[in-house]
Amino acid sequence: MNKNTICLWYQHDAEEAARFYAMTFPDSVVGAVHRAPSDFPGGKAGDVLTVEFTVCGVPCIGLNGGDFFKQSEAFSFQIATDSQEETDRYWNAIVGNGGAESECGWCKDKWGLSWQITPRVLTNAMAQGGEVAKRAFEAMMPMQKIDVAKIEAAVRGEGLSK
């Protein structure tokens, strides 16, 4: 077991979520599935209790803990993308599998987990600071899924109202 592993709470379908992530993202895999040795608040003996999985190289454990806690935007995976095609692929996979769109590159999967699908052109512009960051940020604010071409235009200073 890794020294530090992210533990994500699911009501009862951690294995389904882990398999979806493994099919969707590179460097992702489902590992061991552990069944409960006896009844527990979220299920019965023999039910899947935990699932070890990796998302984009990040080790995780999915815990089927019942409906006591819900996911929130306080935790999210941020997935860096290199093109509009890659941004679209991840965004559409999450939203198209029962998820929901949100603002500024954020979406939620059908299990309530938040994802930031973030093109590197945006994070690079923000890292530059100054007017470039301001223009990129202002271009991003009205977006749901990030439009790479609009961010690139903002970085170049195109499309500004005079």
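Since every read-out is calculated from the coordinates, none of them should be taken as a lab result. Since the model is a prediction, treat every value here as computed from it, not as a measurement. A quick note on method: Cβ atoms are made from the backbone with ideal geometry, for glycine too, and the neighbour counts reach across all protein chains shown.
Separation of the range 56-77 and the range 89-162 by C-alpha centroid, Å? Measuring centre to centre over Cα atoms gives 23 Å. Distance between the pseudo-spin-label points of PHE40 and ALA149 (7 Å out from Cα toward the beta carbon): 4.9 nm.
Add -39500 (n - 2.57) for each DSSP H run of 4 or more in the chain, then divide by its residues: what number comes out at 222 nm, to the nearest 500 deg cm²/dmol? Provide the component values of the computation, followed by the final result.
Numbers: 5 runs with 53 residues, N = 162.
Value at 222 nm, helices only: -10000 deg cm²/dmol.
Normalised by the number of residues in the range 71-162, the mean separation of alpha-carbon contacts (under 8 Å, six or more apart) gives a relative contact order of 29 percent.
For the chain, take N as its residue count and report Rg(C-alpha) divided by 2.2 N^0.38 Å. Dividing the Cα Rg of the chain by 2.2 N^0.38 Å gives 1.21.
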